[in-house]
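The values are calculated or read from the model by the stated rules, or taken from the named source; none is laboratory data. This is a predicted model, so every value here is computed, not measured. Note that each Cβ is placed from the backbone with ideal geometry, even for glycine, and that neighbours are counted across all protein chains shown.
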Amino acid sequence: MNKKLVWAALLIVAISGGFAWFAWSHSSIPQTQADAAPPAISRVGADELHFPPDAPQLTMIRAKTFPRVQIPSTDALSARLTYDEDATARIGVGFSGRIVTLKAAVGDVVHAGQVLAEIDSPDFGTAYADLNKARADEERKRLAFERAKELGPGEAISVRDWEAAGADYEQARAETARAEKRIKNMNPFNLTISGQRVLLTSPIAGVVTERNANPALEVNPALPAPLFVVTDPKRLWLMIDLPERLIAQVKPGSDVSLESDAYPEERFSARIVQLGQIVDPNTRRVTVRATLNNPKRQLLPEMFVRAYVVQDKGMGICVPNSAVINQGIYAYIYVEKNPGEFQRKKVSLQTRGGEISCASEGVGGDERVVVTGALLLDAELTARIGDKP
């Protein structure tokens, strides 16, 4: 009986010890992990958040510097760059022939008068032969008319023969003029011609951007495309698709700011010179033309860009709408002062479009604005200090 009591007591002690060890071990793990885990936010101010370098929130936050620019009056407009037709030559021919030699390729810089191609043209051979024959016939009939004038007063010839000689001379002069005008029409730019070999030259200085000419190509005035296109790449046209509801806000002389995906950190300037006179019935857009100086030749014809029509609303920064936090009638943005340090700032919005908003006060052009994760920062700040502006 005593042995049974002893064994029962030992069993109870063993079970109690096991429960005690289990409870102690499981209660110490969370405490150890809690002691080891770093705090998500190390310090909170009235409008500031400070995160440690390894805080997980930092992986979801992106900041970017935006320069101060003139505030646009419109949202981003679709636009396209084209040749400046006032500084572009589309070079074709007004005669038939065959290309013998090519002297220029796409990308070549050419000066005015530089030879682009040599063309053999039987048309010019025929035209010059006709002109020489007309001149010879004119000279022969001029001499006959001069003799008739000398013989007429002495009645050596009849008045009828004298008048006929004069009429023949006038016809010869008219034929010569017709032959000269035909050559002028075939060669309006006074190309150099030797026999029937024509030197096709560039009328302007610029860069060869297109070439539709090949060796031995048969050329004629009915070709669908010019043989060469020469343009000044430092001058471009900007063609803007303007919604009809914005027509009243845009006038000739208005400045335009544009940006390209090829140069995301840079802004370019243009000026409106002409408003379209019709509305496209399919797109309900009006084409607006602006001139653009491109001194570094960064932008290229047929590039698609985003254009912003600028009015006299002062200077400011334009940020994506994802960077703006609206709370009641106030607007805020977050700026990154240092890595892991963020400050909330109240800003004054001048314009707000579908994609960007422009602020004139509250933020400078040298500050890094949070463009991704602004809502996360605002939620953290509100949760930590219960801020209610």
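Things to note:
- Listed by position, the strands (runs of 3 or more DSSP E) inside the stretch 275-337 whose residues that are modelled with pLDDT under 90 and more than 13 Å from ALA359 (Cβ to Cβ) number at least 3 are 304-320.
- Filter result (of a type in the set (Ser, Thr, Tyr) and surrounded by fewer than 16 Cβ atoms within 10 Å (Cβ to Cβ)) within the stretch 129-182: SER158
- Within the stretch 56-70, not a single residue is within 31 Å of the chain's Cα centre (by Cα) and without any contact (Cβ under 8 Å) to a residue 40 or more places away in the chain.
- Count of the stretch 196-220 residues which are touching a His at 6+ places or on another chain (Cβ under 8 Å) and aliphatic (A, V, I, L, M): 1
- Residues located in the stretch 361-378, provided they are closer than 16 Å to LYS346 by Cα and part of a helix (DSSP H, G or I): ALA374, LEU375, LEU377, ASP378
- Scanning the stretch 338-375 for residues that are modelled with pLDDT under 80, among the β-branched types (Val, Ile, Thr) and closer than 16 Å to PRO67 by Cβ returns ILE356, VAL363.
- Residue within the stretch 132-144 that is among the charged types (D, E, K, R) and closer than 14 Å to ILE193 by Cβ present: no
- Residue satisfying all of: in the stretch 193-218; among the polar types (S, T, N, Q) and touching a residue at least 40 places away in the same chain (Cβ under 8 Å); farthest from ARG90 (Cα to Cα) among these: GLN196
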